[in-house]
Amino acid sequence: MKACSTLRNLSDAVRPWFAAVHHALAMRAYTAIMFAALLCNLAVKFFHAARSGLIAEYPTWILTDLGVLLTVEVILALLCYRRPTVRVLRAATATAALFCTWSVINAAWLIRTGTQILPMELVPLFRDPWNVVKMVLRNLIAMPGASASLFIPSALALVFVFSVLAKPALPNYCRRRFRLRIVASLIASTLVVVANGAVSTLGSAQITAAGMRYNCQARAVLAFFLPRYRHIVREDFRNATRRLPSPNSIPITLKTHHVNHNVVIVILEGVQYDCTSLAWQQGGIAPQRGVTAGGPTPYLATLADQGVSFCNARSVVTHTTKAIFALLTGRYPSASQDISETVPLAEPCASLPTILEKALGFRTAFFQSATGTFESRPGLIYNLGFDKFFAREDLHDPNQFVGYLGADEFAMLDPIASWIASENKPFLATILCSVTHDPYEVPAWFGPPADTQTERYLQTITYTDRFLAALDAKLSELGVAKDTIFCVVGDHGEAFSEHQMMGHERIYYDEVLRIAMCIRAPFMVNPGRRVTHPVSSVDFTPTILSLLGFEIRPMNFDGDDALGSLPSDRRVYLSGWMQQGPAGFVQGNMKFVYDPENGRVRIFSLTTDPLELSGMDLPAAEAETLSKQITDWRKATILSVDEDARGKKNVFDSWQSRWAGRRSKVKYIAND
């Protein structure tokens with residue numbers, strides 16, 4: 001009772017003070033909220049500067065925040081001063097609340113990825129809300145301190161905003177004081193603009209490219225109106241004419257000497273090349289040696305010694321759906337921020353599975369440990385022409401699930417073995433791993449989770465290497481290993497602050513672009529061969545078909561036989577998934593990257609600067625030419641899709657795909 005009485009007295013004492021503060025802030029609610037937005041921007045950039053060791057650059061990062069938000073606050077203040085009505089005050093408060101909300105969203109994104117957010121990066125939330133929300137919640141739980149520091153003040157601010165909107169308090173103005181404040185704010189904004197212009201060429205170029213010197217609200221608005229913020233605009237999608245060929249529309253020819261070996265392909269999910277044993281054996285950028293003598297992936301290193309490895313392979317688009325399409329068709333995916341490859345076609349396209357089925361009578365299957373709903377995977381696999389699709393849902397055992405997305409890869413071994421043994425025909429089996437995807441969790445039997453995020457990521461890579469060894473052993477047990485081309489290839493890498501950024505969607509550095517690519521083909525390639533010239537995801541299918549004895553030239557792939565002789569000036573194109581992100585190409589030992597955020601084309605010498613720390617901006621005239629070529633390439637990859645089409649279709653008996661234009665989603669119907 002005494003404690004309750006003490007709390008009541010404390011509440012009575014605080015309530016008048018709280019009411020007075022609330023009343024004072026409510027009369028200038030838009031000002032309070034705009035300064036809260038400014039404080040949020042300044043605080044999160046300070047956090048990022050501190051963790052990146054770039055405190056000296058911090059003052060140059062915040063100038064645009066000061067200039068933009070002070071100017072917006074002045075505009076709102078003048079509107080309320082000129083028209084002091086309830087409606088105007090509510091409108092000003094709501095506008096300020098939008099600015100503050102974007103500051104919070106940007107802060108969360110910056111903490112997680114090391115980059116400031118652009119509006120198009122919210123597209124997946126509307127396309128696949130359930131899986132994206134699960135991913136976001138998992139990341140918030142993984143960073144409780146940062147989450148609390150963001151969302152507790154945000155919740156209080158939200159209560160304040162709604163209270164002001166419900167009962168606006170019209171301010172009383174002292175004209176002289178108000179005018180002095182406006183003049184002071186305008187002078188401060190002008191000085192900030194001048195200072196920003198003076199320091200715009202100073203500091204770390206890679207951080208400038210990441211957008212730290214931009215104000216997130218201004219960028220969000222400008223991204224809708226300025227063409228330089230976008231490679232692609234809506235008209236480019238509507239005007240697209242590119243259509244995928246069917247297997248019946250291309251000439252499929254076998255050489256006199258050909259083989260019908262089985263093909264097994266394992267696609268690694270988000271495995272950074274430097275986090276494999278291949279890197280420190282074959283010359284990675286900053287290789288991780290792991291905790292064992294064989295490095296983090298001893299089996300993968302053994303596989304490379306048994307066959308051929310491509311030491312300079314890169315993903316064409318750093319997004320799983322796009323990468324799978326490129327790997328299994330030999331053609332560029334639509335290098336745009338959509339998943340149009342998952343919208344069911346009238347008939348499957350010309351691809352590795354459809355070509356092998358038509359020419360050599362192969363049976364084909366695609367296995368993945370991830371949920372099939374993620375990125376509408378059944379639609380993509382249907383378009384690629386596989387006979388069978390197996391996903392996490394088909395395990396029918398939640399005990400095998402790992403995280404919100406994946407499952408124990410080892411649980412796929414028996415279904416894979418059963419399918420292989422079911423018929424005595426040549427086969428193509430493709431297996432997509434998922435444990436190396438966020439949230440970087442391994443099954444409990446593998447051991448306790450590591451402490452830090454990076455350590456957990458490395459742990460999942462070691463686990464996946466163990467799965468590769470078990471899969472190879474299973475092939476030997478089934479008696480098919482000697483007649484099987486066994487391939488391991490990555491979809492893309494992953495960044496962990498190597499360039500102060502994390503993730504893979506909007507990063508053009510090699511920690512994201514470089515991928516592992518190994519092929520063991522008994523008696524067809526010399527063991528231990530190393531291919532050092534640049535190759536791409538789109539070269540994978542032509543290379544496999546060439547090994548089997550197909551004439552690849554008539555099929556007009558975008559890729560080429562990576563084991564053959566390639567032109568020294570060949571461009572290996574590359575792009576992030578984000579529509580407003582960078583794209584470019586590698587040519588020989590040089591990398592050219594166009595970044596629409598700043599309109600620059602940056603060149604890196606991968607021989608003298610393998611860490612990509614000293615890129616050089618090309619002169620304006622040359623940059624304009626190359627940026628147009630890169631943008632034209634990206635536009636030319638866009639697939640023609642009926643933007644107004646709506647429909648649904650059952651695929652693989654257990655999935656239903658629904659689509660609208662370039663968007664699709666799937667539902668598991670096996671239990672319906």
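The values are calculated or read from the model by the stated rules, or taken from the named source; none is laboratory data. Quantities reported herein were computed from a predicted structural model and do not represent experimental measurements. So basically every Cβ, Gly included, is an ideal-geometry build from the backbone, and we count neighbours across all protein chains shown. SASA here: full protein model, heavy atoms, side chains in, ligands and nucleic acids out. Shrake-Rupley method; radii C 1.70, N 1.55, O 1.52, S 1.80 Å.
Structural remarks
- Listed by position, the helices (runs of 4 or more DSSP H) contained in the range 57-169 that have at least 2 residues being under 21 Å from residue 214 (Cβ atoms) and open to solvent by less than 20 Å² (accessible area, probe 1.4 Å) are 63-82, 86-113.
- The residues listed here are 483, 438; of these, the one that is within 23 Å of residue 523 (Cβ to Cβ) and acidic (Asp, Glu) is 483.
- Considering 382, 404, the condition of being within 28 Å of the chain's Cα centre (by Cα), open to solvent by 10 Å² or more (accessible area, probe 1.4 Å), more than 17 Å from residue 654 (Cα to Cα) and among the hydroxyl-bearing types (Ser, Thr, Tyr) is satisfied by 404 alone.
- Residue identified as surrounded by fewer than 24 Cβ atoms within 10 Å (Cβ to Cβ) and among the polar types (S, T, N, Q) among 354, 371: 371
- Taking each residue of the range 349-374 that is more than 14 Å from residue 263 (Cβ to Cβ) and without any contact (Cβ under 8 Å) to a residue 24 or more places away in the chain and looking for partners that are among the aliphatic types (A, V, I, L, M) and part of a loop (DSSP other than H, G, I, E, B) with beta-carbon atoms closer than 8 Å, six or more apart or interchain, yields nothing.
- Where helices (runs of 4 or more DSSP H) fall entirely within the range 309-426, those with at least 1 residues that are at pLDDT 95 or above, under 29 Å from residue 132 (Cα atoms) and not aliphatic (A, V, I, L, M) are at 320-329, 377-383, 413-421.
- Those strands (runs of 3 or more DSSP E) lying entirely in the range 570-672 with at least 2 residues closer than 20 Å to residue 237 by Cβ: 571-575, 646-651, 655-660, 663-668
- The number of residues in the range 645-672 that are closer than 15 Å to residue 345 by Cβ, more than 23 Å from the chain's Cα centre (by Cα), open to solvent by 20 Å² or more (accessible area, probe 1.4 Å) and not basic (Lys, Arg) comes to 4.
- Residue match in the range 557-566 (condition: under 17 Å from residue 488 (Cα atoms), out of contact with any Pro (no Cβ under 7 Å at 6 or more places or on another chain), open to solvent by less than 60 Å² (accessible area, probe 1.4 Å) and modelled with pLDDT of 95 or more): yes
- Filter pass, residue 285 being open to solvent by less than 50 Å² (accessible area, probe 1.4 Å), farther than 21 Å from residue 329 by Cβ, at pLDDT below 75 and not in a helix (DSSP H, G or I): yes
- Some residue of the range 478-486 being buried (at least 17 other Cβ atoms within 10 Å of the Cβ), part of a helix (DSSP H, G or I) and touching a Leu at 6+ places or on another chain (Cβ under 9 Å): yes
- Some residue of the range 529-536 being of a type in the set (Ser, Thr, Tyr), out of contact with any strand residue (DSSP E or B) (no Cβ under 8 Å at 6 or more places or on another chain), under 23 Å from residue 559 (Cβ atoms) and open to solvent by 10 Å² or more (accessible area, probe 1.4 Å): yes
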